[in-house]
Amino acid sequence: MIWNHDQGLILKRTDFLGERAWRMDDCYKLIFSPYGKGLYQTPQGDVSIEKEGFLLFNPGHKHKQLQATKEKFLVEIRPELLMEAGMQRAATRSPVEFATLSYKHPHLNQWAHFVRDFFFYQKGEGVDLFLDHSLMQLAVLLMEYGPGSHQAEWPDVHGEEPVHRAMNAMKESYREAWSLDAMAAVARMNKYQFSHAFKKETGFAPYSWLQVYRLFRSQSSLMDTEDSILSIAFDHGFSSMTTYNHLFKRIYQKTPSQFREFYKMNRR
């Protein structure tokens, strides 16, 4: 089933879930995997979506669906609608680029399940009005909780106390060299239980989440200072420029230098 609107569309299907052709769209695209793993290919490498996880593609980002489990739920949003949501949020970064990451957030999850259920039970009456409001709601949620260039750090998640306790500790000391044992000790769990609980809640392995958090904290320095890329990388906890460059390219399809230049050219 597909519902079109002048500001985007919502698609829900249970067929054609295998490999598809390469795509490059002129809109923002959110893909939700309600039942199990999804897999997408990009020029920077494959990205898997965990059950109850999300993946965002920016306009012009080349990608290809390799696998979806049981159902594909996809939402397209026109850039103009996201810009309007950004103005309501008083966002200062333009244009918005979302990180190419599979992640989980309870508010986005709640939105996706509500919309899916509505279209399952609704017989057509009131769909256009509902879709109009739903797309704007999603745009606002993405500006608030979607990880990307408009965020100074990773969007807040308030979940299970042990995971949240470890996450807060890492945020406070993200420049330090954390081991899995140290993270698990803060959570008061053994490291195997901690790794499982952390990934179930966030969609990330603990150390991968920490590296992404470091990258997000570094974005403001790239945009607002003339500090060298090397010093920014080291100041934010990265052990090498190679690691920093590789992660940045995978998430934003740009090196840190290209990211800095792009946002200086497009600053409001």
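The values are calculated or read from the model by the stated rules, or taken from the named source; none is laboratory data. The shown structure was predicted, so the numbers you read here are calculated from the model rather than taken from an experiment. When we count neighbours, we look across all protein chains shown, and the Cβ atoms used for this are built from the backbone with ideal geometry, even at glycine.
Listed here are the residues, each with its yes/no results for (1) in contact with a Pro (Cβ under 8 Å, 6 or more places away or on another chain); (2) surrounded by 15 or more Cβ atoms within 10 Å (Cβ to Cβ).
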residue: 227; (1), (2): no, no
residue: 230; (1), (2): no, no
residue: 236; (1), (2): no, yes
residue: 248; (1), (2): yes, yes
residue: 254; (1), (2): no, yes
residue: 259; (1), (2): no, yes
residue: 262; (1), (2): no, yes
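Quick check on the stretch 63-101: of everything there that is under 18 Å from the mean Cα position of the chain (by Cα), assigned to a loop (DSSP other than H, G, I, E, B) and of a type in the set (Val, Ile, Thr), which residue is modelled with the highest pLDDT?
For the stretch 63-101, the residue satisfying everything is 100.
Confirm whether residue 189 is of a type outside the set (Ser, Thr, Tyr), modelled with pLDDT of 90 or more, surrounded by 15 or more Cβ atoms within 10 Å (Cβ to Cβ) and assigned to a helix (DSSP H, G or I).
No.
Of all residues being part of a loop (DSSP other than H, G, I, E, B) and of a type in the set (S, T, N, Q) in the stretch 143-186, which is surrounded by the fewest Cβ atoms within 10 Å (Cβ to Cβ)? Just the residue, please.
179
Being free of Cβ contacts under 8 Å to residues at least 12 places away in the same chain, assigned to a helix (DSSP H, G or I), under 27 Å from residue 107 (Cα atoms) and not assigned by TED's automatic domain parsing to the domain that holds residue 96, is that true of even one residue in the stretch 204-221?
yes
Picking from 39, 11, 56, which residue would you name as being touching an Asp or Glu at 6+ places or on another chain (Cβ under 7 Å), within 23 Å of residue 116 (Cα to Cα), modelled with pLDDT of 90 or more and part of a strand (DSSP E or B)?
39
Does the stretch 21-28 contain at least one residue that is assigned to a strand (DSSP E or B) and either in contact (Cβ under 8 Å) with a residue 40 or more places away in the chain or within 15 Å of residue 97 (Cα to Cα) (or both)?
The answer is yes, given that some residue of the stretch 21-28 is assigned to a strand (DSSP E or B) and either in contact (Cβ under 8 Å) with a residue 40 or more places away in the chain or within 15 Å of residue 97 (Cα to Cα) (or both).
Considering only residues that are among the aliphatic types (A, V, I, L, M) and in contact with a Phe, Trp or Tyr (Cβ under 7 Å, 6 or more places away or on another chain), look in the stretch 32-84 and name the one that is farthest from residue 109 (Cα to Cα).
66
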